[in-house]
1. Taking the range A:38-82 only, how many residues are touching a residue at least 12 places away in the same chain (Cβ under 8 Å), within 14 Å of chain B (Cβ to nearest Cβ) and among the β-branched types (V, I, T)?
2. Scanning for something of a type outside the set (D, E), over 19 Å from the mean Cα position of the chain (by Cα) and over 16 Å from B:E378 (Cβ atoms), does the range B:36-53 turn up at least one residue?
3. Which ones in the range B:4-50 are assigned to a helix (DSSP H, G or I) and either among the acidic types (D, E) or not assigned by TED's automatic domain parsing to the domain that holds B:G146 (or both)?
4. Any idea which of (1) facing chain A (nearest Cβ under 9 Å); (2) of a type outside the set (S, T, N, Q); (3) closer than 27 Å to A:G136 by Cα is the one B:I350 doesn't satisfy?
5. Within the group A:L385, A:L317, A:L374, A:L349, which residue is facing chain B (nearest Cβ under 10 Å) and more than 19 Å from the chain's Cα centre (by Cα)?
6. What are the residues in the range A:209-228 that are facing chain B (nearest Cβ under 8 Å) and touching a residue at least 40 places away in the same chain (Cβ under 8 Å), if any?
7. Taking the options B:Q170, B:Q133, name whichever one is free of Cβ contacts under 8 Å to residues at least 24 places away in the same chain and farther than 24 Å from B:D97 by Cα.
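The values are calculated or read from the model by the stated rules, or taken from the named source; none is laboratory data. No experiment lies behind these values; they were computed from the predicted model shown. A quick note on method: Cβ atoms are made from the backbone with ideal geometry, for glycine too, and the neighbour counts reach across all protein chains shown.
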Amino acid sequence: MSEQRNGEGLLSGYRVLDLADEKGLLCGRMLAGWGADVIKVERPGGDPARNIGPFYKDIPHPERSLFWFALNADKRGITLDIETADGRDIFRRLVKTADFVVESFAPGYMEGLGLGYRELEKINPGIILTSITPFGQSGPYAQFKATDMTVWALGGMMYLSGDPDRPPVQLSVPQAYFHGGIHGALGSMVALYYRELTGEGQQVDVSAHEAVDFANMVEDEGYDLLKVSLARPGPFWGLARPGQLGILYERVNFECKDGYVNVFVKGGGAGYKTSARAVTQWMKEEGKAGYLETYDWDTYDFGKLTLEERQRLEAPLVPFFKTKTKREIMARAAREGIFAAPLDSVKDLMEGPQLNARDYWVKVEHPELGDTILYPGAPVKAAVLPWRTQRRAPLIGEHNDEVYRRELGLSPELLVALKSRGVI
Amino acid sequence: MQTKQVFEGVKIVLFSWGAVASQAARELALHGATMIRVESHRTPDAIRFSSPFKDGKPGVNRGPLSTTFHTNGYNISCDLSKPKGREVARKLVEWADILGDSFTPGILAKFGLDYESVRKIKPRIIYYSTCQQGQYGPYAKIGGLGVQGAAGAGFYYITGWPDRDPAMIQGAYTDFVAPWFLAVPLVAALIRQRRTGEGFYLDESQYEASIHFLAPAVLDYSANGRVAGRQGNHHPAAVPHNAYQCMGNDRWVAIAVTTDAEWEALCRAIGRLELAHDPRYATLLARKEHEEELDALVSGWSRNYTAEEAMLVMQAAGVPAGVTSTCQDLLEDPQYKHRGRFVTLHHKEIGPMIYRSPAYRLSKTPARLVKPGPCLGEDNEYIYKEVLGYSDDEVTDMLAEGVITTEYDAPGVKRS
């Protein structure tokens, strides 16, 4: 069963002008996926995000960027140089019939062009301007230069990722701008609801720096209470404790026969104890429990446990899991209530049973490549008005004719003139 | 006079545990929605047992995990396994516009609170279910916490170094990716409910939502057969690009040079302008060939400065740079202070603690953090009587029967 349907989605009827670069593309992708008509507005010649790899068959080319494909599926595409007077005129015309403008320019850039919220509001009082930046529209860092990694760093997640004896690390798929983008989509929706009530738009000021911070769970609150900052833990889970005992590290990633698994073997509330007892029981059945043979998980008091004691507890776990495959561990986990998951790679996910049983992966046609590519499908399933992953990202200027000639009524001669002047 | 909040009058009931269902609803509660979570002292939310805790002492109401995700919300205790408890649940369904569920698929059905049953009571309800791997499928019933979600959804595999085993991201990563994906169609469905009176059902698999943060790697595997692995901090199109150690204990600055102009600016900033046009380093390709050398060059410089100084020197020169913030840094972060990210609220058992504002600011209708997420059953009096309309006698009876649970119903507590 595919997710495809024709033009009917939760956000059908809404139009988005998407001026964002890599810092905000995910926002427009979300709105497009839920059915909005998202028009990606690129500078003539193509958006710089088309140069971001990886590339189809590793051929770097602005119409082959897999990054671009992933983040711009289901959007239409026009070219427009809003730094020209004609370009701004055309943009203003488009704003008249748009519901959202999404952008990720440096704070002040849109205002500098006469396209800030105050001006857009005059053209269309219902317009929602979603501005996604690394740090927000104002403040001491607002004009800081950034990349995904530096925002991941300042937002606190880099310090929490990696091995303690190596530098703080980023993920090999950079994350910070995705956090900014999804919070941008969320903020846009909150503004849309307000507009439903009042007819008025507003500006949505999104900070990727703040969005990234959410990912640290409650480490900020933990610091507020205990004055302990957790750090990158390696294959362990860190628990902050006040005073002399210091941070407790519990190993959670284990090498297994065919890869790695993440397993919780610790005390605490009911679920944790069930998990720990089930693992211990399994080890006992095979005569491999070692120190855990007589250990009572009810006595596990993470507030008092020393690191040495924890290391004694987990010592038998390391060789034990090495004798088991991911499948064996997960089968036992499902039966016995063990908190476990394999450390799946993207290949494992794409070939595994669960996501395929749910028809999650969607084949998208790329006629220019003579090929289809698999994309992630619905982030949330809805039987009625479902998400769409349907159409490949636009080619450069692909919908110029549709939008400029057919919708705005610009004459072919005018379009030629604009093209030769580099306006579109 | 304060402006009306966006979601004032919108009513949300949560039959939930964990971080995802609550955080999706929290975004609405921070903008005025009324959010009631139904819980039981007999089976409290498992995350109440996870540290950190105030003073390091465990307790169901002593940790941020018990309160943070329910900012502005209400909490009632109710035993759904009793018929009278299910009557309470039914009243809440009649009251609510939105119902959030995050239990293992099938659990709420046992209490007659599955979507099909609920929509008969309240056809216009928006019902969202969120769990690790979705409501159906061969792995649907495998439970797990967010940490397992992050592992299973592919995030640890790509964290760390090419010559090392996968490393962790401290924190249950996918728990803090999935809620936002859920909140987007949730608000869209709410708009539709307002217009048409129609209900809606959303089934979120936290894996399916979170994998969107890996989309480029998905396409790379599909198109090129390449399995994204661990890469450390290098970047295919930027050199230098890494975290560099600074003065002090485990202090680092992330620096990313993305253009030749930034390279020249960095060289000038560190007093080595002659390297800018040195053919060994002048172009990206040249710098790529000497990446290790350049990492050593930059860290030779950065170790003489604090992380903040190094960042500010780079920023003044126009080079992207950022301190790898610790939690202490985050609480003291001047940009966060400017935006009012952390608001201190006073919790009954924890006392004063920071609570987080949304990552977006609406210019006309900003969020308001007004009360901390409540203790278990804290709002029984108000909700049972004022909102659900039970009389004093009825409430007394429900307490006596254990329909309204109290701390004496907690596992391991002996009733006297």
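1. Adding up the residues that qualify gives 2.
2. Yes: the range B:36-53 contains one or more residues that are of a type outside the set (D, E), over 19 Å from the mean Cα position of the chain (by Cα) and over 16 Å from B:E378 (Cβ atoms).
3. Narrowing the range B:4-50 to residues assigned to a helix (DSSP H, G or I): B:20-29, B:46-49.
Once the filter is applied, which keeps residues that are assigned to a helix (DSSP H, G or I) and either among the acidic types (D, E) or not assigned by TED's automatic domain parsing to the domain that holds B:G146 (or both), the range B:4-50 yields only B:E27.
4. Checking B:I350 against (1) facing chain A (nearest Cβ under 9 Å); (2) of a type outside the set (S, T, N, Q); (3) closer than 27 Å to A:G136 by Cα, the one that fails is (3).
5. Result of the check over A:L385, A:L317, A:L374, A:L349: A:L385.
6. Within the range A:209-228, A:H209, A:E210, A:A211, A:D213, A:A215, A:N216, A:E219, A:D220 qualify.
7. Values: B:Q133 fails: free of Cβ contacts under 8 Å to residues at least 24 places away in the same chain.
Selected residue: B:Q170, the only one of B:Q170, B:Q133 that is free of Cβ contacts under 8 Å to residues at least 24 places away in the same chain and farther than 24 Å from B:D97 by Cα.
Listed here are the residues, each with its yes/no results for (1) within 30 Å of the chain's Cα centre (by Cα); (2) modelled with pLDDT under 95; (3) assigned by TED's automatic domain parsing to the domain that holds B:K120.
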| site | (1), (2), (3) |
| --- | --- |
| B:Q193 | yes, no, yes |
| B:E208 | yes, no, yes |
| B:G248 | no, no, no |
| B:W252 | yes, no, no |
| B:E264 | no, no, no |
| B:A276 | no, no, no |
| B:Y281 | no, no, no |
| B:V298 | no, no, no |
